[in-house]
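The values are calculated or read from the model by the stated rules, or taken from the named source; none is laboratory data. Worth saying up front: this structure is predicted, and the values here are computed from it rather than measured. Note that we place each Cβ from the backbone using ideal geometry, even for glycine, and neighbour counts take in every protein chain shown. Heavy atoms of the whole protein, side chains included, go into the accessibility calculation; ligands, DNA and RNA do not. Shrake-Rupley method; radii C 1.70, N 1.55, O 1.52, S 1.80 Å.
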Amino acid sequence: MIDLLDPSNVITRLFDAEKFDEMYNYCKELLENNPNDMLALQNISLSLIYLKKFDESIDYCNKVLEIKNSDIYALKNKIFALENLKQYEQVIKFCKQILSIDSKDIWALNSLGIALNELDRHKEALECYDTSLLIDSKDITALMNKANSLSHLGNYQDAIHYYDQAQMIDSKLKELPLAKSKLFEKLGMSDDAFLAAQGILNKDMEKIKNEAKENKCSVFHQFCNDEFEKSN
């Protein structure tokens, strides 16, 4: 039987209901009874993040880390708050601390990569995403940010490949077709740019372009004809 009054259950209910003010006040009450209550300290910092009070959140994260300097939950909350404060050098420092504890923490690897991107250190960021993808080849965050990094470095063809890989895993991400299309435009590949903007995967583009040649029509007309036939 679930104890509805158990603090962890109360906090979970408040978080799931997005009642972050109430979650903050509840944790504050717990801390009045026990200033070192780890559950309360960890979750009051989380509530403050959602309340966009990032400096205060960091203060509570630090209190957790004074008790346990390797607390992953507090380190990740602190990183999230620092990201929002655009303190990317500090983000890098604490991501590396997590990775010193667990070198395969994909969240920390991706967060480190994003911080490096923000500091225009794109080649270093690529190393983070490559490591993430060795652990999980279908990690969407790593695929998308590797593509972003390659694009910043002017390697558009490879960037398109990784956007396409991400699109194959999650076709609902609306930003991917547009990102691919813009890079095809930069490469002067207008037909591919058009098809990419319609959400067509790279592997399906050649078929449409070849059919357009066979039918002696534009890629645009071939695509429209294909869509008309599908609708019927």
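Might you let me know whether the range 79-100 holds any residue that is touching a Ser or Thr at 6+ places or on another chain (Cβ under 8 Å), in contact (Cβ under 8 Å) with a residue 24 or more places away in the chain and farther than 21 Å from Leu46 by Cα?
There is no residue in the range 79-100 that is touching a Ser or Thr at 6+ places or on another chain (Cβ under 8 Å), in contact (Cβ under 8 Å) with a residue 24 or more places away in the chain and farther than 21 Å from Leu46 by Cα.
Confirm whether Gln167 is in a helix (DSSP H, G or I) and in contact with a Leu (Cβ under 9 Å, 6 or more places away or on another chain).
Numbers: in a helix (DSSP H, G or I): yes; in contact with a Leu (Cβ under 9 Å, 6 or more places away or on another chain): yes.
Yes.
Rundown of residues vs (1) surrounded by 18 or more Cβ atoms within 10 Å (Cβ to Cβ); (2) in contact with a strand residue (DSSP E or B) (Cβ under 9 Å, 6 or more places away or on another chain); (3) of a type outside the set (Lys, Arg), yes/no style:
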residue: Ser132; (1), (2), (3): yes, no, yes
residue: Asp136; (1), (2), (3): no, no, yes
residue: Ala147; (1), (2), (3): yes, no, yes
residue: Lys186; (1), (2), (3): no, no, no
residue: Asp192; (1), (2), (3): yes, no, yes
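Answer yes if at least one residue in the range 168-177 is buried (at least 20 other Cβ atoms within 10 Å of the Cβ), within 23 Å of Asp120 (Cβ to Cβ), within 18 Å of the chain's Cα centre (by Cα) and among the charged types (D, E, K, R), and no otherwise.
no
For the subset of the range 83-109 comprising residues that are in a helix (DSSP H, G or I) and aliphatic (A, V, I, L, M), which member is nearest to Ile58 (Cα to Cα)? First the steps, then the outcome.
Let us first name the residues in the range 83-109 that are in a helix (DSSP H, G or I), namely 83-84, 88-101, 106-109.
Next cut, aliphatic (A, V, I, L, M) only: 91-92, 98-99, 101, 106, 108-109.
Working: Val91: 12, Ile92: 15, Ile98: 16, Leu99: 20, Ile101: 20, Ile106: 22, Ala108: 17, Leu109: 21 Å.
Residue satisfying both the conditions and the ranking: Val91.
Check Glu127, Glu118 and return the single one that is within 26 Å of Ala81 (Cβ to Cβ), open to solvent by 30 Å² or more (accessible area, probe 1.4 Å) and out of contact with any helix residue (DSSP H, G or I) (no Cβ under 7 Å at 6 or more places or on another chain).
From the options Glu127, Glu118, the qualifying one is Glu127.
Tell me, yes or no, whether the range 40-56 has at least one residue that is open to solvent by less than 30 Å² (accessible area, probe 1.4 Å) and over 26 Å from the mean Cα position of the chain (by Cα).
yes
Taking the condition of being open to solvent by less than 50 Å² (accessible area, probe 1.4 Å) and hydroxyl-bearing (Ser, Thr, Tyr), how many residues in the range 5-23 meet it?
Count: 1.
Out of all the residues in the range 212-228, is one or more closer than 20 Å to Gln157 by Cβ and either among the hydroxyl-bearing types (Ser, Thr, Tyr) or exposed (fewer than 12 other Cβ atoms within 10 Å of the Cβ) (or both)? Step through it out loud before you land on a result.
Here is the first cut: in the range 212-228, the ones closer than 20 Å to Gln157 by Cβ are 219.
Among the residues that remain, those that are also either among the hydroxyl-bearing types (Ser, Thr, Tyr) or exposed (fewer than 12 other Cβ atoms within 10 Å of the Cβ) (or both) are: none.
Within the range 212-228, none of the residues are closer than 20 Å to Gln157 by Cβ and either among the hydroxyl-bearing types (Ser, Thr, Tyr) or exposed (fewer than 12 other Cβ atoms within 10 Å of the Cβ) (or both).
Are any residues in the range 194-203 of a type outside the set (A, V, I, L, M, F, W, C) and surrounded by 12 or more Cβ atoms within 10 Å (Cβ to Cβ), and if so, which ones? Explain how you work it out, then say what you get.
Just the residues of the range 194-203 that are of a type outside the set (A, V, I, L, M, F, W, C), to begin with: 198-199, 202-203.
Matches in the range 194-203: Gln198, Gly199, Asn202.
Looking only at the range 110-139, count how many residues are outside any helix (DSSP H, G or I) and aliphatic (A, V, I, L, M). Full working, then the answer.
Looking only at the range 110-139, we keep the residues that are outside any helix (DSSP H, G or I), and these are 119-121, 136-139.
Checking which are aliphatic (A, V, I, L, M) leaves us with 119.
Of the residues in the range 110-139, 1 are outside any helix (DSSP H, G or I) and aliphatic (A, V, I, L, M).
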